[in-house]
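Below is one structure; the comments refer to it alone.
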Amino acid sequence: MAGTPPALARARILPATAMPPWGWLLLYFAAHVLGRVLVSPALELDEAEQAVWTQHLQWGYGAQPPLYTWLQWVVFQVLGVSVFTLSLLKNALLASAYVCVWLACRMLMPASLAAVAAASMLLMPQIGWEASRDLTHSVLLTTVSAATLAVVMALLHRPRPGLYLLTGFVAGLGMLTKYSYVGFLAVLLLALLAGRDTRAVLRSRWTLLAVAVAALMVVPHGLWVLQHWNQAIESTAGKLTGKVPVGFVHGLWLGLSSLVLAVLAFAGPWALTLGLVFGRDALRAWSRWWRPAAPPDGAGVDMQALWRRYFLALGLLFLAMTVFGEVTRFKDRWMMPFLFLLPVAFFGCAPELAGHARLPRLRRVIATVAVLVLVLLTARVPYNALRDKPDELNQPVRELAQALRARGYAGSGTIVSNDRTLAGALRVQFPRAHVEVDDGDGRLPAERPLLWVEPLTDALPTRPQDLVLPYHFSGSGDAPARYRYALLP
């Protein structure tokens, strides 16, 4: 791979007295952890699932591979079960994703521009907003995908045995993260195999050893999948198709239109911001993706050609999913493992932007978005209560736990709830108890003491023994939260 020109290597983006990029990264995600802990003791759905699943170590959990839950289990064992430890893991993984993208960018551009490129992922709503709001497995998936890209870029730069083994290890982690990682890995491998300069790197006996490492890591979970096929595969496949069968042409139209909207929702704000900041220079940088350029001198890798092959392979994958897999809907967050590398491809094709006069403007935009995301994520909980539209984080779970203790529950035994979010929140409030989610079969666990708790809907009348508590941050005139419980000593 061609080295960075000396002039660009000397270009500085941040003043000498500014905090280094890693300092801002730590400060930003530490602020997210602090805001999450202070704003509510309740849990979002994905957080609640982790609170429940981490009670047991398994080779798989529902429709998800086990890696995120294993990591959360380790954090719980070290620091305890709490909102803090739930938020700490997720934000540590998000910070790691930015670091991995920076490492990949660093192969192609000066460190200062690489920091801006990595930070620009914040302009992708699913990474900048949704990942901090309520995602778990998708966060880890993006982080491991970014780590895969960084290791592969290093392998292309200088192949050596340790990097081959590391590639196999990271690929094994990826397949234990989320099943869509296989799609990302397939697209990346196809892009590598389709190029003469990159294909040569894969022609090594160490590649076979890397494959063996990944396979050995995945075998136990693969056996679990075979034993729990309905949970692991069929439920995942059901998310890709509509509930009502449609004809081929109509299904193709639904799938392609949904795909376009998902890509625009994911990459549109990021691309629009770069276009507004850099103007024609952004268009010239974009054009290098499809205009053939002279190959690099010597044995370097033609990165522009690699990106073209990658996005072509990605398009073919999505098209095959629509035509042969009859996929009729795509969600924008599904683009996270496939399009997170847009900053690497864009700025890697335009390293001269390190000295662009408008680059400080992009830094200010990113900083402004970062502050807005932090403020809005923290303020949305009281805001939802003030407009009398409470969500999961407005649930008065701490007050509920206090009321249950006051009515005789000692905090041990088994807790059962038909609401997954409430079950996870009660695990945090009662860490000595075993928490289960009712599957609707009407059978109760034999263990005692047993506490049954369920949230009540407006359609159900309130009984004298029910608990009526105000939502977190709600006013005195707002409708309260209601819970029904039964305690079997």
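The values are calculated or read from the model by the stated rules, or taken from the named source; none is laboratory data. All values reported here derive from a predicted model rather than from experimental measurement. With ideal geometry, Cβ positions are generated from the backbone for all residues, glycine too; neighbour counts draw on all protein chains shown. Note: accessible area is taken over every heavy atom of the protein model, side chains too, but ligands, DNA and RNA are not part of it. Shrake-Rupley method; radii C 1.70, N 1.55, O 1.52, S 1.80 Å.
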Worksheet item: Shape call for region 350-411 from the C-alpha gyration tensor, a ≥ b ≥ c root eigenvalues: rounded (a/c under 1.5), prolate (a/b greater than b/c) or oblate?
Response: prolate
Discussion item. With 41 Å as the cut-off, how large is the P(r) tail for the chain, expressed as percent of Cα-Cα pairs?
Written reply: 26
Worksheet item: In debye, nearest 20: dipole of the chain around its Cα centre with unit charges on the Cβ of K, R (+) and D, E (-)?
Response: 1540
Practice prompt. Can you pull the one-decimal nm distance between simple spin-label points at Val260 and Val211, each 7 Å off the Cα toward Cβ?
Written response: 3.9
Practice prompt. Assign unit charges at the C-beta atoms only (+1 for Lys and Arg, -1 for Asp and Glu), then state the dipole size of region 398-489 relative to its Cα centre in Debye, rounded to the nearest 20.
Written response: 380
Item to complete: Please compute the Cα-Cα pair-distance distribution of region 325-452 with 10 Å bins starting at 0, giving whole percents from short to long.
Response: 9, 21, 21, 20, 16, 9, 3
Response to the item:
Regression test value, accessible area per residue of the chain, probe 1.4 Å, units Å², expected 47
Worksheet item: How high is the relative contact order of the chain, in percent, counting Cα pairs under 8 Å that sit 6 or more residues apart?
Response: 21
Worksheet item: With helices defined as uninterrupted DSSP H runs, which ones in the chain have an alpha carbon span along their own long axis of at least 20 Å and mean Kyte-Doolittle hydropathy of at least 1.0?
Response: 21-39, 83-106, 137-157, 161-175, 205-227, 248-278, 303-323, 359-386
Worksheet, complete the sentence: Over all directions, region 59-180 yields a Cα convex hull whose mean projected area in nm² is 8.5
Worksheet item: If you take the charge dipole of the chain about its Cα centre, with +1 on Lys and Arg Cβ and -1 on Asp and Glu Cβ, which of Pro470, Val37, Tyr164 is farthest toward its positive end?
Response: Tyr164
Discussion item. If you filter region 330-428 for trypsin sites (Lys or Arg not before Pro), then keep DSSP loop positions with at most 12 other Cβ within 10 Å, what is left?
Written reply: Arg387, Arg407
Worksheet item: Which loop chymotrypsin sites (Phe, Trp or Tyr not before Pro) in region 302-382, with loop taken from DSSP, have no more than 11 other Cβ atoms within 10 angstrom of their Cβ?
Response: Phe324
Worksheet item: Dividing the alpha-carbon Rg of region 406-465 by 2.2 N^0.38 Å yields what?
Response: 1.15
Worksheet item: Along the charge dipole of the chain, which of Leu155, Tyr310, Leu122 sits closest to the positive end, that is, farthest toward it, with unit charges on the beta carbon of Lys, Arg, Asp and Glu (+1, +1, -1, -1)?
Response: Leu155
Fill in: Theoretical gain in end-to-end length, Lys389 to His157 [0.36 nm per residue, Cα-Cα removed]
78.2 nm
Worksheet item: Taking a point 7 angstrom from the Cα of Gln465 along the C-beta vector, which residues in region 415-443 have backbone N less than 18 Å away?
Response: 415-418
